[in-house]
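The structure appears below as structure tokens.
The values are calculated or read from the model by the stated rules, or taken from the named source; none is laboratory data. Since this is a predicted model, take the numbers as computed values, not measurements. Neighbour counts run over all protein chains shown; Cβ positions are idealised from the backbone, glycine included.
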């Protein structure tokens, strides 16, 4: 009803509230005349319209990304444009990469998740060999270029980078993940 009201409002220049009332009246009339069966047929028709409507969009989107391989190559890239944030393109943000890897694994594509994991670990190790340190983010489009951009300079030795690298390395070695220790309040440390 909302979509029909919006359409009537935009196409005919009618007031949106009036368009919504007219839309509701149209729906009420066809349900009263056709009974519940008409509403069910309408829902089924809408379902197939949506499915067949999105199929070409999916195909166009995959084509624009370079096919399935292009999509999987971009899965761990957090953003596709630079907005001045730490996680902007072309940076990969470790916690979100972890979520993407585990999401793909739980979806049943362990092969793809393992490939993503192995690429992430190789990037961490390569950067560590070159710089002697772990950093909060990495350029995942050009792995030979250091990451940058965002609100502040790239930080060294970030906990989430180290934690994700440890968890992925343990997974790669088929070891149990390191235990997560409960953090203590600062007062308890002193």
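Against the test of being modelled with pLDDT of 85 or more and either touching a helix residue (DSSP H, G or I) at 6+ places or on another chain (Cβ under 8 Å) or farther than 30 Å from residue 115 by Cβ (or both), the options 24, 39, 3 yield a single qualifying residue, 24. Restrict the check to the stretch 166-181 and report whether at least one residue is within 25 Å of residue 65 (Cβ to Cβ), at pLDDT below 80 and under 22 Å from the mean Cα position of the chain (by Cα). So far as the stretch 166-181 goes, no, none of its residues is within 25 Å of residue 65 (Cβ to Cβ), at pLDDT below 80 and under 22 Å from the mean Cα position of the chain (by Cα).
Each residue in the stretch 98-117 was checked for being surrounded by 13 or more Cβ atoms within 10 Å (Cβ to Cβ), out of contact with any helix residue (DSSP H, G or I) (no Cβ under 6 Å at 6 or more places or on another chain) and closer than 18 Å to residue 70 by Cα, and 4 pass. I'm checking my understanding of the structure. Among residues of the stretch 132-144 that are free of Cβ contacts under 8 Å to residues at least 24 places away in the same chain and surrounded by fewer than 13 Cβ atoms within 10 Å (Cβ to Cβ), which one is farthest from residue 89 (Cα to Cα)? Only one residue fits best here, namely 132.
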